[in-house]
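This report concerns only the one structure given below.
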Amino acid sequence: MTYPTESFFNLMKSLPDNRSCREFLEKYRWNGMPKCPHCDHQSDKHYRLKIGGVFNGLYKCRHCGKRFTVTVGTMFEGSKAPLDKWFYAIYQFLARKKGISSLQLSRDIAVTQKTAWFMLDRIRHNLDETGNFLSDKFDGVVQVDETFIGGKNKGRFKFNRGRSTKQKTPVVGLLTDDRVYAIAVKDTGSRTLKTIIYGLVKRGATVVTDEWPAYKGISIEYTHEVVTHHTKHYVNERGYHTNGIEGFWSHLKRGLKGIYHVVRPKYLQLYCNEFAYRYNTRHLTDMQRFIQFLMRPTERLRYSELCRGYS
């Protein structure tokens with residue numbers, strides 16, 4: 001079956017029930033070849049099991065004999081929310097440049113705020129692209145910078161500049177022309193910053209930073225360009241700057257402050273993943289981004305893992 005993908009509105013008109021949503025998900029995740037999540041065996045010969053004479057997407061693997069559906073082993077597994085609500089949440093989350101709050105989503109799809117919050121964090125959890133950046137490292141001209149998020153002021157969460165407040169959470173970012181990566185860290189010391197740079201940037205690349213002393217010494221492995229911000233210079237004499245990563249920080253902070261308001265440090269990495277993914281897919285249309293996400297391998301995140309596992 002061919003689905004209309006020129007707009008989300010037309011797509012959802014063609015998916016009137018959970019069965020059609022499930023078939024749509026099967027098409028873009030499996031492309032006609034069901035894949036067993038238990039043994040990774042992919043075949044169009046898996047057994048199609050019927051309950052009461054009706055096939056509802058339940059398969060039995062011809063290789064390992066275990067049963068599965070298209071949602072087993074994915075972010076949708078175990079969720080009581082139907083797929084059409086999941087599709088709406090994913091589309092709105094990815095299409096809005098600053099995201100969507102759990103309160104707004106709960107009103108839009110008629111679920112509790114707690115359910116909406118858990119759905120959004122399941123999506124964020126599956127936007128982690130650390131593995132991609134470790135295998136395909138930054139090259140060329142790479143801007144590296146740190147920012148600080150958090151701090152309390154008269155009972156309100158705010159987004160400050162500078163390194164003077166212990167309550168702030170440092171975030172390190174790397175950016176080239178086409179992609180960005182942001183990681184929440186415990187400090188911005190030399191060991192932390194150099195470990196990130198050596199792990200994610202190819203040797204011989206040009207690394208552009210500000211004058212923070214922790215970057216000293218990377219010129220052994222890289223061409224190190226320094227921009228002295230404390231003297232009000234934002235482009236050095238060779239034309240290098242960190243304006244790109246500074247612009248990403250501005251967008252991240254406006255989104256956190258304007259939409260989410262309060263972000264606990266233990267969840268900050270999830271929000272970094274969110275804004276980085278939107279930046280890295282900014283050349284796609286909203287529908288292309290939505291379908292690309294559905295085709296990605298995802299994993300289930302349990303509520304207990306979300307509450308206890310992040311730090």
- Query: Of the residues L284, L301, which is part of a loop (DSSP other than H, G, I, E, B) and modelled with pLDDT of 95 or more?
  - Reply: L284
- Note on region 54-76: residues of a type in the set (A, V, I, L, M, F, W, C), within 17 Å of C39 (Cβ to Cβ) and touching a residue at least 24 places away in the same chain (Cβ under 8 Å) are C61, C64, F68, V70, V72
- Among residues belonging to region 165-212 that are out of contact with any strand residue (DSSP E or B) (no Cβ under 8 Å at 6 or more places or on another chain) and over 23 Å from S250 (Cα atoms), point out the one that is least open to solvent (accessible area, probe 1.4 Å). G199
- Per-region count, region 6-16, residues free of Cβ contacts under 8 Å to residues at least 40 places away in the same chain and charged (D, E, K, R): 1
- Message: Here are the criteria: (1) free of Cβ contacts under 8 Å to residues at least 12 places away in the same chain; (2) under 29 Å from E146 (Cβ atoms); (3) not charged (D, E, K, R). Tell me which single one S304 does not satisfy.
- Response: (2)
- Out of all the residues in region 77-104, which are free of Cβ contacts under 8 Å to residues at least 24 places away in the same chain and either small (G, A, S) or touching a Phe, Trp or Tyr at 6+ places or on another chain (Cβ under 8 Å) (or both)? S102
- Task: Go through the residues of region 276-287 one by one and say whether even a single one is surrounded by fewer than 13 Cβ atoms within 10 Å (Cβ to Cβ) and either in contact (Cβ under 8 Å) with a residue 60 or more places away in the chain or touching a strand residue (DSSP E or B) at 6+ places or on another chain (Cβ under 7 Å) (or both).
- Result: no
- How many residues, within region 249-272, are crowded, with 21+ Cβ neighbours inside 10 Å and of a type outside the set (A, V, I, L, M)? 4
- Query: Based on what the data block shows, is T71 among the hydroxyl-bearing types (S, T, Y) and under 30 Å from C272 (Cα atoms)?
  - Reply: yes
- Message: Can you tell me which condition G239 does not meet? The list is (1) free of Cβ contacts under 8 Å to residues at least 24 places away in the same chain; (2) in contact with a Gly (Cβ under 9 Å, 6 or more places away or on another chain), and all the others hold.
- Response: (2)
- Return only the number of the condition from (1) open to solvent by 80 Å² or more (accessible area, probe 1.4 Å); (2) farther than 19 Å from F118 by Cβ; (3) part of a helix (DSSP H, G or I) that R308 does not satisfy. (2)
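The values are calculated or read from the model by the stated rules, or taken from the named source; none is laboratory data. Remember, it's a predicted structure, so these values are computed and weren't measured experimentally. So basically every Cβ, Gly included, is an ideal-geometry build from the backbone, and we count neighbours across all protein chains shown. These accessible areas exclude ligands, DNA and RNA; they are computed on the full protein's heavy atoms, side chains included. Shrake-Rupley method; radii C 1.70, N 1.55, O 1.52, S 1.80 Å.
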